[in-house]
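The values are calculated or read from the model by the stated rules, or taken from the named source; none is laboratory data. Bear in mind the structure is a predicted one, so any value in this text is a computation, not a measurement. Every residue, glycine as well, gets a Cβ built from its backbone with ideal geometry; the counts of neighbours run over all protein chains shown.
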Amino acid sequence: MSYPNECHYHKEHTWLILQPNDEALIGITFFAQDTLGDIVELGGPPKGSMVSCGVSCGTVESRKTVSDLISPATGVVLEVNENLRSEPFMLNDDPYGKGWIVRIKLSNLGEIEMLMSAEEYRKNIGE
Amino acid sequence: MQEFTSSRDTDTSDEIWLTEHPPVYTLGLNRRGVSLPLRSDIPLVETDRGGKITYHGPGQVVVYLLLDLNRLNLAVKPLVQCIENIVVEALRIYQVEAELIEDAPGVYVGKRKIASLGLRVKRGCSYHGFSLNVDMDLSPFSSIDPCGFKGLEVTQLRNLGVSAATDEVTTQLAHLCERQISFAQLKGFL
């Protein structure tokens, strides 16, 4: 299993990577895609919408099951990864790369300190 | 069902609801590429489950699984396998050999679908579930592409020479749900 060190992890199995200008990329973790199975559909938050830390901001469908996508931080969606509409399997194949879900403008940088490091997240999922 | 799930806490017991529905088409949350049924005499209900479109009617057992997946230590993939096992075991009781098809969750007999599934997981708890065709009018299925697969044929226990009543199959499913969920839970903890 792979958990890059540059990611900050939320206990609901999403990650966040900080970018310049208080922006961040968000996606799901390797553990999430592995336990969900093949993802066939992503219902992510639309551009311009507000997402809140720890709150559902969309859905992921795998194996006839719709699960919630929990945002690891609060902010406004600046950009949506449109490729996932036609290639939702990128969430499985490359969860930290081509499988990024949205880019957001962070509203509260303090939230990032509440997220887990790779090491803490590994412990949390019992690795 | 939604109400039960949103109001449950970590001490709430899991529940399994077994029922039959009057004729109804139900749509899953993601409707991309779904063609709607042509007939207007059967209502169409939008739901928040996974999967595309299906039909429910008398003579089909519908099983709702209201489970705390965190407490059971069950993820989506093993839960779906568990549901498939429940149906496979139920069919075995009636000497019907079932098949699973990779990338197309559900249970099939001779390439025809006999059981459908669709779930929603919210805050780690599941709702919706699966259905098994026993002794029903299958003709409403011909107006849809079940689960989004074009030309997929459906079957039922009666067409396979099984004369069991729907009530009897319901009872068998209740026992099997309990047993298979315990097995899956044990595996999760090993």
Testing B:Leu67 on (1) under 20 Å from A:Asp38 (Cβ atoms); (2) in contact with a Cys (Cβ under 9 Å, 6 or more places away or on another chain); (3) hydrophobic (A, V, I, L, M, F, W, C), one condition comes back false. Which one is that?
(1)
Among the residues of segment B:92-106, write down those that are more than 12 Å from chain A (Cβ to nearest Cβ) and under 15 Å from B:Gly51 (Cβ atoms).
B:Ile101
Give the residue that is nearest to the other protein chains (Cβ to nearest Cβ), with candidates limited to residues of segment B:72-91 that are within 20 Å of B:Ile114 (Cβ to Cβ) and of a type outside the set (Val, Ile, Thr).
B:Leu79
Members of segment A:85-117 found to be farther than 23 Å from A:Val60 by Cα, of a type outside the set (D, E, K, R) and over 14 Å from the mean Cα position of the chain (by Cα), listed by number:
A:Ser107, A:Asn108, A:Leu109, A:Gly110, A:Met114, A:Ser117
Is it the case, given these coordinates, that B:Tyr64 is aromatic (Phe, Trp, Tyr) and either surrounded by fewer than 19 Cβ atoms within 10 Å (Cβ to Cβ) or within 25 Å of B:Gln172 (Cα to Cα) (or both)?
yes
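Considering each of A:Asn81, A:Asn92 in turn, give the residue that is within 19 Å of A:Tyr121 (Cα to Cα) and modelled with pLDDT of 95 or more. Before the answer, list the steps.
On the way: A:Asn81 fails: within 19 Å of A:Tyr121 (Cα to Cα).
From the options A:Asn81, A:Asn92, the qualifying one is A:Asn92.
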Can you find a residue that is touching an Asp or Glu at 6+ places or on another chain (Cβ under 9 Å), surrounded by 13 or more Cβ atoms within 10 Å (Cβ to Cβ) and free of Cβ contacts under 8 Å to residues at least 40 places away in the same chain anywhere in segment B:115-123?
yes
Taking the residues in segment B:126-163 that are at pLDDT 95 or above and within 11 Å of chain A (Cβ to nearest Cβ) as candidates, determine which candidate is nearest to the chain's Cα centre (by Cα).
B:Phe130
By residue number, the members of segment A:1-33 that are free of Cβ contacts under 8 Å to residues at least 40 places away in the same chain and among the acidic types (Asp, Glu) are A:Glu6
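For every residue, the table says whether it meets (1) crowded, with 18+ Cβ neighbours inside 10 Å; (2) of a type in the set (S, T, N, Q).
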site: A:Met50; (1), (2): no, no
site: A:Val55; (1), (2): no, no
site: A:Ser62; (1), (2): yes, yes
site: A:Val76; (1), (2): no, no
site: A:Glu79; (1), (2): no, no
site: A:Leu84; (1), (2): yes, no
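Here's a check for you: in segment A:54-73, which residue that is assigned to a loop (DSSP other than H, G, I, E, B) and touching a residue at least 12 places away in the same chain (Cβ under 8 Å) is nearest to the other protein chains (Cβ to nearest Cβ)?
Here is the first cut: in segment A:54-73, the ones assigned to a loop (DSSP other than H, G, I, E, B) are A:54-55, A:63-64, A:71-73.
Among the residues that remain, those that are also touching a residue at least 12 places away in the same chain (Cβ under 8 Å) are: A:54-55, A:63, A:71-73.
Values: A:Gly54: 11, A:Val55: 11, A:Arg63: 5, A:Ser71: 14, A:Pro72: 16, A:Ala73: 19 Å.
The extreme case among them is A:Arg63.
Could you list, in sequence order, the residues of segment A:88-110 that are within 14 Å of another protein chain (Cβ to nearest Cβ) and either without any contact (Cβ under 8 Å) to a residue 12 or more places away in the chain or outside any loop (DSSP other than H, G, I, E, B) (or both)? Can you show your working first?
Of the residues in segment A:88-110, the ones within 14 Å of another protein chain (Cβ to nearest Cβ) are A:88-89, A:91-92.
Passing the criteria: A:Leu91, A:Asn92.
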